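Trainee: The structure is given below, and queries will be raised subsequently.
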Amino acid sequence: MNRTVVARLAALLITSLALGAGLDLVTRPASAQTGAGAVARAGLAPPAGAPVATPVPQIAVDTPPAATPTELIAGEADTQDALPQPSSAAQDLYESARSDLLQIRMLLKNGRTQSTVGSGFLVGTSNLALTNYHVVSQMALDPAIYTAEYIDTDGNTGPVELLAVDVLHDLAVVRINRNGSGFFKVPEQKVKLRQGQPLYSLGNPLDLGFAISEGAYNGVLTRSFYDRLIFSGPINSGMSGGPSVTASGTVAGINVSRRRDGESVSFLVPVMYAQELLRKVAEQAAPPLDFNPLIGKQLLAHQAGMVDRLLEEPLTLKGMGPYLVPVRESGQVRCWGRSNSRGAAYAVDAMSCVMQSAVFVSDVQQTGNVSMTHRYIRSGTMDPMRFAALATDIFQVDNLGSTGDPRLTKPFCTERFVHTRTLPLRAVTCVRAYRKFEGLYNFTLLTASTDASQASLQSRLDVSGVSYENGMRVTRAYLGAFGRPVRK
């Protein structure tokens with residue numbers, strides 16, 4: 001993406017926001033740098049000793065446990081759940097299934113050194129295997145650097161050919177040089193499960209050897225953008241991509257993730273999404289030569305649905321002191337609050353709303369996410385000059401991530417003073433374009449109220465992996481919602 005184009009887009013955005021949201025734009029030279037020399041300054045980082053915004057609990061719903069280092073570093077203890085001794089039923093099932101289980105290894109082409117490992121399984125009697133996208137993401141994104149091989153339970157190895165990926169549901173289909181025994185049955189119809197029904201997850205945890213984990217089906221996760229089955233049993237790193245099956249060997253789901261803050265709370269991709277991907281493989285003449293355009297297309301489809309769902313109703317307004325701030329609380333977005341008002345020279349109430357899931361692209365990039373943060377800062381003892389200095393220090397636009405991040409263009413920021421219908425605001429908008437995925441951007445909007453000498457409302461909106469048009473839709477709706485209650 002040309003830097004001049006991104007700079008123009010960033011400059012255009014704040015004007016579009018002002019006009020589209022019914023705002024008055026106060027003309028003023030931008031103090032935020034723009035253009036090729038733009039430096040990201042968008043963080044709301046407090047000065048030393050100042051209270052910070054509420055730390056939002058990290059929900060690892062869509063954070064894969066997947067690819068694991070090949071071994072523990074000397075002296076390092078693994079903190080994940082140990083797999084309990086299997087029952088006789090689990091032992092019998094494992095013996096029947098073992099020949100169709102695979103470990104899938106990502107290798108650096110130079111030297112063929114192991115990078116990450118995950119699991120997979122052969123489908124029926126074919127030479128096709130299912131796994132997670134995040135297990136093979138390195139090969140999908142950088143095939144000139146990474147390749148893959150499999151190893152089965154008998155120690156046989158061979159090459160892995162990537163045929164298809166579904167980034168949104170974290171699935172991939174690969175082809176190997178041997179066929180399955182037919183044990184793992186991927187049904188054509190949706191699998192009906194009962195609450196508490198026993199399930200068995202298989203894979204190679206922590207690269208220590210193939211294993212089986214007993215658990216139970218306990219419903220569908222509602223806080224994820226896409227369906228996930230709740231598996232009450234341990235799934236450890238390295239088991240990602242392995243099957244979770246009923247007692248008869250019918251595949252119910254594919255191991256994908258676990259909660260880091262819970263015990264034996266794990267998640268599966270429903271098998272119906274694997275069915276759809278296998279149908280696409282059967283219909284395609286040949287696999288893509290380059291998976292990056294396909295991944296970009298899938299991410300664009302995701303952001304369209306995400307933004308439509310986010311804005312299908314007006315943002316909820318909540319009171320923070322004399323201000324009204326926009327939030328979105330839903331099954332996918334949760335909000336948390338915190339205050340430091342006891343005995344300090346100034347008080348800060350903070351509210352953070354974060355989407356509970358994101359789309360895994362690589363081990364260093366997740367996208368398709370929205371977060372909103374508000375801080376109401378005030379003091380009854382500081383004089384206006386000292387409070388203004390404090391508010392300015394807190395409103396530091398310096399946290400947009402590394403400006404040298406090869407995945408994104410440098411941030412281009414524009415600053416203006418605007419008026420909503422009832423509130424004057426300082427607004428800084430920053431835009432970064434994705435280098436590999438054309439048409440996708442990260443948006444950050446920072447605002448600070450300018451109507452009081454001893455109070456400041458400071459807010460931040462982050463929207464990742466959206467089209468330019470949808471980035472404008474979200475930031476326009478967000479900025480236009482700020483205000484003060486109207487007296488009747």
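Trainee: May I ask you to evaluate 6.51 cos²θ - 1.76 cosθ + 1.60, the Karplus curve with θ = phi - 60°, for each residue of the range 197-214 and list the ³J(HN,Hα) values in order in whole Hz, giving x for glycine and proline?
Mentor: So the J values, rounded to whole Hz, are 5, x, 10, 10, 9, 10, x, 10, x, 6, 6, 9, x, 5, 8, 10, 10, 8.
Trainee: By how many nm would the segment from residue 247 to residue 297 lengthen if fully extended, with 0.36 nm per residue of separation less the alpha-carbon distance? If you can, show how the numbers build up before the last one.
Mentor: Details: separation 50, 0.36 × 50 = 18.00 nm, distance 3.77 nm.
So the extension gain works out to 14.2 nm.
Trainee: Taking θ as phi - 60°, what are the ³J(HN,Hα) couplings along the range 471-481 by the Karplus curve (6.51, -1.76, 1.60), each to the nearest whole Hz, with x for Gly and Pro?
Mentor: Using θ = phi - 60°, the values come out as x, 5, 4, 5, 5, 5, 5, 5, 5, x, 8 Hz.
Trainee: Still on this structure, please answer the following. What is the order of 190, 410, fewest Cβ neighbours within 10 Å to most? All intermediate terms of the calculation are to be shown ahead of the outcome.
Mentor: Working: 190 10, 410 22.
With the fewest neighbours first, 190, 410 line up as 190, 410.
Trainee: Using the Karplus curve 6.51 cos²θ - 1.76 cosθ + 1.60 with θ = phi - 60°, what ³J(HN,Hα) values do you get for each residue of the range 116-129, in whole Hz, with x for Gly and Pro?
Mentor: 9, 9, x, 10, x, 7, 6, 8, x, 9, 7, 9, 9, 10
Trainee: How long are the semi-axes of the equivalent ellipsoid of the range 78-176, taking √(5λ) for every eigenvalue λ of the Cα gyration tensor, in whole Å from largest down?
Mentor: Each semi-axis is the square root of five times an eigenvalue, giving 25, 16, 14 Å.
Trainee: Additional query: Expressed in nm to one decimal, what extension gain is obtained for the pair residue 91 and residue 284 from 0.36 nm per residue of sequence separation less their Cα-Cα distance?
Mentor: Details: separation 193, 0.36 × 193 = 69.48 nm, distance 3.82 nm.
Here the answer is 65.7 nm.
Trainee: Now a separate question. Relative to the present Cα-Cα distance, how much length would full extension add between residue 275 and residue 317 at 0.36 nm per residue of separation? Intermediate values should be presented prior to the final figure.
Mentor: Values: separation 42, 0.36 × 42 = 15.12 nm, distance 4.19 nm.
My answer for the length gained is 10.9 nm.
Trainee: Could you calculate the FRET efficiency of residue 190 with residue 419 from 1/(1 + (r/R0)^6), where r is the beta carbon distance between them and R0 is 45 Å, rounded to 0.05? Could the numbers behind the result be given before it?
Mentor: Working: r = 53 Å, r/R0 = 1.17.
Working from the Cβ atoms, E equals 0.30.
Trainee: Give me the lysines in straight-line cross-link reach of residue 410: C-alpha distance below 18 Å, same-chain residues under 8 apart excluded.
Mentor: 436
Trainee: Now a separate question. Can you pull a Stokes-Einstein diffusion coefficient for the range 88-289 at 37 °C (0.692 mPa s), Rh from Kirkwood over Cα pairs, as a whole number of µm²/s? Please list the in-between numbers first.
Mentor: Values: Rh = 16.6 Å.
For the chosen part, D equals 198 µm²/s.
Every number here is computed from the coordinates shown, using simple stated rules; none is lab data. Worth saying up front: this structure is predicted, and the values here are computed from it rather than measured. With ideal geometry, Cβ positions are generated from the backbone for all residues, glycine too; neighbour counts draw on all protein chains shown.
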